[in-house]
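To keep things clear, I will list the structure first and then write my remarks on it.
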Amino acid sequence: MHLVTGGAGFIGSHLVDSLVGIGEKVRILDNFSSGKAEFLSHHQGSDSVEIIRADLLDREAVESTMEGVTTVHHMAANPDIRLGTEVTDTDLNQGTVATYNVLEAMRISGVRRISFASSSVVYGEANLMPTPEDYGPLLPISLYGASKLASEALITAWAGTFGAQGYIHRFANIVGPRGTHGVIFDFIHKLKRDPTRLEVLGDGRQEKSYLSARDCVRSMMHLIENSHEEINLHNLGTGDTCSVSRIAEIVVEESGLQGVSIEFTGGERGWAGDVPKSYLDVSKLLSTGFVPEGGSEDAIRATAKALISEIGL
Ligand code: NAD
């Protein structure tokens with residue numbers, strides 16, 4: 001039995017689909033704060049999926065979901081990095097404390113394996129690109145990044161002290177159908193409000209890797225299958241990057257709208273705490289035999305198509 005925290009969310013629901021697809025049983029723990037019941041509606045009535053509506057900050061509730069579980073896929077967190085510029089304890093609670101609660105419930109119940117959705121933002125403003133897993137010191141510049149780094153440290157501490165096994169996946173930007181946040185989602189909503197212009201935060205030269213949710217889930221499952229250390233730490237991304245101005249062009253192309261003026265607010269970053277350039281070294285992932293299905297532009301174009309049809313213009 002797999003427990004997926006945040007299984008009603010964007011990436012979590014794709015992971016649930018893949019686990020069910022290979023015949024596994026899945027229990028989902030989600031408070032539906034950003035997750036959606038419709039992302040799981042196709043599993044309604046299935047014997048393979050059990051949904052528990054609960055909050056990770058409720059320790060007793062978390063403990064009660066551990067029975068029979070072999071692997072916890074800890075995907076739940078506040079997904080909005082920008083929120084930390086206004087509310088300073090969200091990432092502390094929904095990130096760090098929530099991860100502590102998951103690990104503690106695992107320890108008490110004897111569950112040994114955790115697979116964790118970390119992020120490239122733990123590297124902060126790295127001066128080595130592409131950035132390998134052993135880059136340091138790790139100096140995140142967002143509150144969200146701090147909570148991811150703290151969660152990684154809790155996982156290695158639980159492994160070192162209680163013998164748990166950890167998979168720490170440092171995700172690039174993940175995009176795909178069911179996306180509920182992020183640059184492509186924001187651009188489509190802006191075009192829906194005003195089809196004549198598209199405002200881009202920053203100078204458009206911010207450059208990052210964009211991995212499809214499908215490749216993200218495929219690589220997580222591949223690593224659990226093929227990597228057997230006590231701590232298995234990997235960057236999950238593509239071997240390329242794409243600029244925000246190119247994303248704006250792709251979204252406008254896919255929208256079919258004519259004469260859209262793309263306007264930049266200026267400045268090297270979109271908001272305080274935004275890392276302007278992020279490019280992960282994925283050679284460690286590739287050395288395990290993982291073969292990605294596509295690069296950043298493929299993922300962005302496919303996501304723009306999918307979200308335009310989900311959201312409508
Ligand atoms: P998401 O918001 O779609 O998914 C998060 C899920 O967690 C939601 O279903 C939400 O309802 C649930 N949740 C949040 N707080 C909870 C709580 N206290 N108790 C129970 N459930 C709770 O976001 P996502 O993009 O699918 O992200 C999944 C994970 O991947 C997160 O940990 C996120 O930080 C990480 N991540 C995402 C990206 C990305 O580009 N999307 C990049 C790096 C890391």
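Please find, among V97, V102, V175, the residue that is touching a Gly at 6+ places or on another chain (Cβ under 8 Å) and within 16 Å of the ligand (Cβ to nearest atom).
Numbers: V97 fails: touching a Gly at 6+ places or on another chain (Cβ under 8 Å); V102 fails: touching a Gly at 6+ places or on another chain (Cβ under 8 Å).
Just a single option satisfies the conditions, and that option is V175.
Only residues that are assigned to a helix (DSSP H, G or I) and either of a type in the set (D, E, K, R) or touching a helix residue (DSSP H, G or I) at 6+ places or on another chain (Cβ under 6 Å) (or both): list them for region 77-91, please. Full working, then the answer.
The first filter runs over region 77-91 and keeps only residues assigned to a helix (DSSP H, G or I), leaving 81-85, 90-91.
Selection gives I81, R82, L83, G84, T90, D91.
Tell me which residues, restricted to region 54-83, are more than 12 Å from the ligand (Cβ to nearest atom) and within 23 Å of N173 (Cα to Cα).
The first filter runs over region 54-83 and keeps only residues more than 12 Å from the ligand (Cβ to nearest atom), leaving 60, 63-64, 66-72, 82.
The answer is V72, R82.
Residues I168, I155, I184: which one is touching a strand residue (DSSP E or B) at 6+ places or on another chain (Cβ under 7 Å), under 17 Å from E263 (Cα atoms) and within 14 Å of the ligand (Cβ to nearest atom)? Full working, then the answer.
Values: I168 fails: under 17 Å from E263 (Cα atoms); I155 fails: under 17 Å from E263 (Cα atoms).
Answer to the check: I184.
Return the residue satisfying two criteria in turn: it lies in region 125-134 and is touching a residue at least 60 places away in the same chain (Cβ under 8 Å) and open to solvent by 30 Å² or more (accessible area, probe 1.4 Å), and of such residues it is nearest to D281 (Cα to Cα).
Going through the qualifying residues, I end up with P130.
Taking interchain pairs and intrachain pairs at least six residues apart, which have beta carbon atoms under 7 angstrom, with the first residue in region 40-56 and on the phi < 0 side of the Ramachandran plot and the second of a type in the set (K, R) and part of a loop (DSSP other than H, G, I, E, B)?
Going by the 7 Å Cβ cut-off, the qualifying pairs are S48/K25.
How about region 1-53: which of its residues are more than 8 Å from the ligand (Cβ to nearest atom), outside any helix (DSSP H, G or I) and open to solvent by less than 10 Å² (accessible area, probe 1.4 Å)?
Across region 1-53, the qualifying residues are L3, V4, V26, I28.
Keeping to region 68-80, report how many residues are open to solvent by 50 Å² or more (accessible area, probe 1.4 Å) and either of a type in the set (A, V, I, L, M, F, W, C) or over 15 Å from the mean Cα position of the chain (by Cα) (or both).
Total meeting the criteria: 2.
Which of the residues belonging to region 204-250 are touching a strand residue (DSSP E or B) at 6+ places or on another chain (Cβ under 8 Å), open to solvent by 10 Å² or more (accessible area, probe 1.4 Å) and of a type in the set (A, V, I, L, M)?
I224, I231, L233, V244, listed by residue number.
Identify the residue in region 148-173 that is open to solvent by 30 Å² or more (accessible area, probe 1.4 Å) and not polar (S, T, N, Q) and, among all such residues, is nearest to G124 (Cα to Cα).
Looking at the filtered set, the residue picked out is L149.
Could you tell me whether any residue of region 81-92 is crowded, with 24+ Cβ neighbours inside 10 Å and closer than 14 Å to G6 by Cβ?
Initially, region 81-92 is screened for residues crowded, with 24+ Cβ neighbours inside 10 Å, giving 91.
Right, trim to closer than 14 Å to G6 by Cβ and you get none.
Taking every residue of region 81-92 in turn, none turns out to be crowded, with 24+ Cβ neighbours inside 10 Å and closer than 14 Å to G6 by Cβ.
Please identify the pairs in which a residue from region 164-192 that is without any contact (Cβ under 8 Å) to a residue 12 or more places away in the chain has its Cβ atom under 7 Å from the Cβ atom of a residue that is away from the ligand (no atom under 11 Å from the Cβ) and assigned to a strand (DSSP E or B), counting only partners at least 6 apart or on another chain.
Filtered contacts from region 164-192: K190/L198; K190/E199.
The values are calculated or read from the model by the stated rules, or taken from the named source; none is laboratory data. Being a predicted model, the structure only gives us computed values, none of them experimental. Don't worry about glycine lacking a Cβ; one is built from the backbone with ideal geometry, like all the others, and counts go over all protein chains shown. The protein model used for the area step is the full one, side chains on, heavy atoms only, and it has no ligands, DNA or RNA in it. Shrake-Rupley method; radii C 1.70, N 1.55, O 1.52, S 1.80 Å.
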